[in-house]
1. How charged is the neighbourhood of Phe367? Take every other residue with its Cβ under 15 Å from the Cβ of Phe367, and add Lys/Arg as +1 and Asp/Glu as -1.
2. Arrange the following residues from fewest to most other Cβ atoms within 10 Å of their Cβ: Thr242, Thr184, Thr43, Thr305.
3. Using alpha carbon centroids, what distance separates region 300-317 and region 362-425, in Å?
4. When the helices in the chain are scored as -39500 (n - 2.57) per DSSP H run of 4 or longer and the sum is shared across all residues, what 222 nm value do you end up with, to the nearest 500 deg cm²/dmol?
5. With the crude spin-label approximation of a point 7 Å out along Cα→Cβ, what separation in nm comes out for Asp263 versus Asp80?
6. Please compute the contact order of the chain in relative form: average sequence separation of alpha-carbon pairs under 8 Å and at least six residues apart, divided by the residue count, as a percent.
7. Provide the per-residue ³J(HN,Hα) series for region 46-56, in order, calculated from phi with Karplus coefficients 6.51, -1.76, 1.60 and θ = phi - 60°, each as a whole number of Hz, with x at glycine and proline positions.
8. Taking the Cα centroid of region 89-120 and of region 19-55, what is the distance between the two, rounded to the nearest whole Å?
Amino acid sequence: MMEEIILQNPWWKTKTVDEIKRGKIKRNDFSLIKKQLNKKHVTCIIGARRVGKTTLIHDTIDHLLKTGSKPKEILYVSLDSPKIRLELKEKFNDFLQQYSETILKIPLDKIQNTIYIFLDEVHKLKDWGDIVKHWQDLNLKIKFIVSGSSAIRIIKGSGESLLGRIQYITVYPLTFSEFIGEKTEYDFLNYEEIKKAHQQQLLNKQDILIKLDDYLIKGGYPEVYYEKHVERAYEQLRQYKTLTLTRDILDLKDIKEPRVLDDLADLLSDFMTERINYSTFASILKIKVDTVKKYLSYLEECFLTYNTYVYSTNHIISTRKEKKLFFIDHGLRNALLLKEIDDLGKTKLIENMVFSHIIHLKKNELFPKIFYWLDSTKNEVDIILDVNKKLIPIEVKYSNNISNKDIKGLLKFLTTFETNNGFVVTRDLLEKRTIDGKIVCFIPAWLFLINSFSPPVN
């Protein structure tokens, strides 16, 4: 096994990480990982398959090498290898001892510098949480960074062992600003800052709009970013879906009709940004409502879809009411959709992109709650955000001709919850209106999506 481990750690000889292993796109997650390198807790990088977790790990290793860590003090283990997985299942302690004796050539309890141990796809190692806890309890100078693509397996593996000792970083597909390599920073609660950012980006606007059309179609999976042909990109995305269903759900769950799960994933593409009617899906697929609910939870656990809750001060109502469906990556949804994207479809895509942008603000939470709002008369607001204990309603209207009547749901929310500020994401309309004492800011989608400002989000 050690021979295979040596192959996985070529920097022990070359003293550098091969360029092909490193990311070409600057990820916001990288700075979050760097901030945790000096902390004792386990850093857990979690997210969908093919979203760039392993690349981020190699970027981190490259950073450690460039900032003074010795090559052999960095150990990377990919648990995708069946041979390594089988060996480590029973002999992890023996393996680390062998590493210290043959590679470090110093006992682990004598090391002076921090040893960084990266366990990639750690959820494939049974009871990995107990293993890591054992080594943490020894209080040695070892920092564990682990990764996984199945949230439920990560939770099951860490169990109670690492309660209070693990910090999650959820990696999502590329944001629009990462996709185009262009970002600005402004407090979107401050209209004067929005206007200033708009002025600063006017020279780049046409280029941003062209790239927005590309992002709207292909989405943010890193490998798809480089694919020029849309159909090839979609084929790759469909393969991602199949791989996720096979490896992260079917291998773990007792599912008697796997084809139904696959059909459900495809069917959901037609219902993106809509409220979920479980009975409708059950009728179409000829399965029980409870089965629909169970399968939807599986898709969310492996980061394919996401369900938002109705906002209510009553938690029981919020939990029981219809949830609203989003895709973690709209490009994946497009690949599953069997029809052309019309103007209504574009509005749905922009709403999903706004949702994706917002969920990045909550990436330190494993299953963050995001809300929408619906009252008894069907007034609705697309997304409700909690910023510094303030409720911020966000409506998406991908148009430049928006009347006050078009945002009656937003205005009703502002009145109902006695809050003063609301937002409308538009095609290219920048404007501030005062309506019945309430302030509504209209902000172009392209400008909203390149904002890198991250206010505290509750």
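Every number in this text was worked out from the coordinates using simple rules, so none of it is lab data. Bear in mind that the values here come from a model prediction, so they are computed numbers and not experimental data. For neighbour counting, all protein chains shown are included, and Cβ atoms are generated from backbone atoms with ideal geometry for every residue, glycine included.
1. Values: positive: Arg153, Lys156, Lys323, Lys362, Lys363, Lys369; negative: Glu300, Glu301, Glu365.
With Lys, Arg at +1 and Asp, Glu at -1, the net is +3.
2. Numbers: Thr242 12, Thr184 17, Thr43 22, Thr305 25.
Result, fewest neighbours first: Thr242, Thr184, Thr43, Thr305.
3. Using only Cα atoms to place each centre, the spacing works out to 15 Å.
4. Details: 20 runs with 192 residues, N = 458.
Helices in the chain give a 222 nm mean residue ellipticity of -12000 deg cm²/dmol.
5. 3.2
6. On the way: 701 pairs, mean separation 65.5, N = 458.
Relative CO of the chain lands at 14 percent.
7. Values, residue by residue: 10, x, 4, 4, 6, 8, x, 5, 5, 4, 4 Hz.
8. 22
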